[in-house]
Amino acid sequence: MATVPTVGSTANGVTRPTLTPAQFSFFEKLIYELSGMRFEVNKSYFLASKIDLRVQALGLANIEAYTAYLNTPNGRTEYGYLIDEISINETFFYRHEPQLQAFRDSILVPHAQARRTQGQKTLRMWSAASSTGDELYTLALMLRDAGLWGKDLTWDMVGTDICHDALEKARAGIYRRYNVRNIPPALLQNYFAHDPNGPTGETWQIKPEVRSSCRFQEGNLMDGARCTALGKFDVIFCRNVLIYFDEPSKEKAVINLANNLYDDGYVLLGHSENIYSQRHILRPVKELGAAIAYQKAPPGTPKL
Ligand SMILES: C[S@@+](CC[C@H](N)C(=O)[O-])C[C@H]1O[C@@H](n2cnc3c(N)ncnc32)[C@H](O)[C@@H]1O
């Protein structure tokens, strides 16, 4: 079994912040309770370096003082900052394009057509771990590109995340080259304001017409009541977050996704994620470019 590194270990002559076994177990448990994210002991250095940033931000002496602070009544206000610091917000526009193209052709277009036929004009899409907004804005661009925006269809586009920093960035909608590199050039040209020499370097800001059509708010996939309050959706993207959860957290998240889905709606996960043990809640219905689309399993489906 791997051991937790000892306090003050050095690498290349630089002292790295480290966690004692007791500190690791305290933070691992707290983060799990707050977010459902499970950190294994091999992530101890990662956690220590992130926690150390909070120690410095608060002007505390060390991780021990930070742990004591978290245990005071005022310490609860620090929980959000801790989660912000340890969240892994990696994302970019048009992430895993084969899945998105297959989604557009075999789900989005026919589903929108079915809703039109039913006389329903408002459809709802949820990016359930939206990070800095790249995923939800990608969907908004795809809808425009596919001619499914405006005219007789309105879309309610909602992004939620547990990380406040990421939500702020999503609302601002300002991105670097890395994030926009996969956007088809015509869409980048039409829907972004390019600033080659911005105060933070070269940036692209999504134009207000797209930005104002997407709203972002705090949301924790572990919080059933807060998820329910968002209402039902036609399409839910929940990509690249279940990988951070253990089986019980995954099951909670999958139950919440299913509760927020119309009976004929779809859930899309990341292509490397599987919910094999939760197929009694969401059942696989279509393969989309090495990823799977899910729909609600019929009530009473037995757990396998
Ligand atoms: C790797 S990003 C994925 C972003 C985007 N969905 C994508 O695939 O590009 C994972 C996001 O999940 C968020 N997250 C982690 N735990 C969460 C939870 N319990 N509820 C909601 N969001 C969570 C993190 O803050 C982070 O922004």
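Against the test of being within 16 Å of the ligand (Cβ to nearest atom), within 24 Å of the chain's Cα centre (by Cα) and at positive phi, the options Gly173, Gly159 yield a single qualifying residue, Gly173.
Could you go through the stretch 186-198 and let me know if any residue there is within 30 Å of Glu78 (Cα to Cα), without any contact (Cβ under 8 Å) to a residue 60 or more places away in the chain and touching a strand residue (DSSP E or B) at 6+ places or on another chain (Cβ under 9 Å). The answer is no; no qualifying residue exists. The number of residues in the stretch 53-108 that are hydroxyl-bearing (Ser, Thr, Tyr), part of a helix (DSSP H, G or I) and away from the ligand (no atom under 16 Å from the Cβ) comes to 5.
Taken over the stretch 216-238, the criterion of being out of contact with any Lys or Arg (no Cβ under 7 Å at 6 or more places or on another chain), in a loop (DSSP other than H, G, I, E, B) and near the ligand (Cβ under 9 Å from one of its atoms) is satisfied by Leu221, Asp223. The condition (being part of a strand (DSSP E or B), more than 24 Å from Gly36 (Cβ to Cβ) and among the hydroxyl-bearing types (Ser, Thr, Tyr)) is satisfied by just one residue among Thr154, Thr160: Thr154.
Count of the stretch 261-288 residues, restricted to those that are over 20 Å from the mean Cα position of the chain (by Cα) and assigned to a loop (DSSP other than H, G, I, E, B), is 3.
Contact annotation: residue pairs with Cβ atoms under 7 Å, 6 or more positions apart or on different chains, pairing a residue in the stretch 138-154 that is exposed (fewer than 15 other Cβ atoms within 10 Å of the Cβ) with a partner that is part of a strand (DSSP E or B), are Thr154/Thr122.
Within the stretch 66-94, the residues that satisfy the criterion of being more than 30 Å from Ala140 (Cβ to Cβ) and touching a helix residue (DSSP H, G or I) at 6+ places or on another chain (Cβ under 7 Å) are Tyr66, Thr67, Tyr69, Leu70, Gly75, Glu78, Tyr79, Leu82. Of all the criteria given as (1) surrounded by fewer than 19 Cβ atoms within 10 Å (Cβ to Cβ); (2) under 19 Å from Ala128 (Cα atoms), the one not satisfied by Ile107 is (1).
No value in this document is a laboratory result; all are computed from the given coordinates. What you see is a predicted model, and the numbers here were worked out from it, not measured in a lab. Positions of Cβ are backbone-derived with ideal geometry, glycine not excepted, and every protein chain shown enters the neighbour counts.
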